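Inspection log for the structure reproduced underneath, given as structure tokens.
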Amino acid sequence: LLTECSKLDPRVAPLCLLVRRWTRNRGIQFANQGHLQAYAWDLITIFFLQVSGESILPPIAEEFSSKTVGEIRGQNSSKSVAELFRDLIAFYARDFDWQREGICVRLGVRGKR
């Protein structure tokens, strides 16, 4: 999944790696300690890229054909990986309702659980 998403936007893999490193450094990436595993953090990151204001990635249910990033969505996004990371943290800290919302990269839309 990460490989296919990275073909659509080259910032996906570096952002996922940054999120993984950040969560590992804060001790919240270890499944054996009751935290989310690394792949779950990748899904959280991909979902953010789907539903953020710039919609950098399409829903997984859409066809991943030979479309380019500009043909899919997010063609005007020029944010750096650092800016996307900042926005990801802000999105999950302020905008995402952890009690009522779920994450679904297949559909790529926000909604109630």
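So, GLU101, is that one farther than 19 Å from ARG20 by Cα, out of contact with any Pro (no Cβ under 7 Å at 6 or more places or on another chain) and at pLDDT 90 or above or not? Yes, satisfied. The single condition among (1) at pLDDT below 80; (2) touching a Gly at 6+ places or on another chain (Cβ under 8 Å) that ILE60 does not meet is (1). For the stretch 1-42, what are the residues that are open to solvent by 50 Å² or more (accessible area, probe 1.4 Å), touching a Phe, Trp or Tyr at 6+ places or on another chain (Cβ under 7 Å) and under 23 Å from ALA90 (Cβ atoms)? Matches in the stretch 1-42: LEU18, ARG20.
The values are calculated or read from the model by the stated rules, or taken from the named source; none is laboratory data. Only a predicted model underlies this, so the values are computations on that prediction, with no experimental measurement involved. As a convention, Cβ positions derive from the backbone with ideal geometry for all residues, glycine included, and neighbour counts pool all protein chains shown. Side chains included, ligands, DNA and RNA excluded: accessible areas come from the protein's heavy atoms. Shrake-Rupley method; radii C 1.70, N 1.55, O 1.52, S 1.80 Å.
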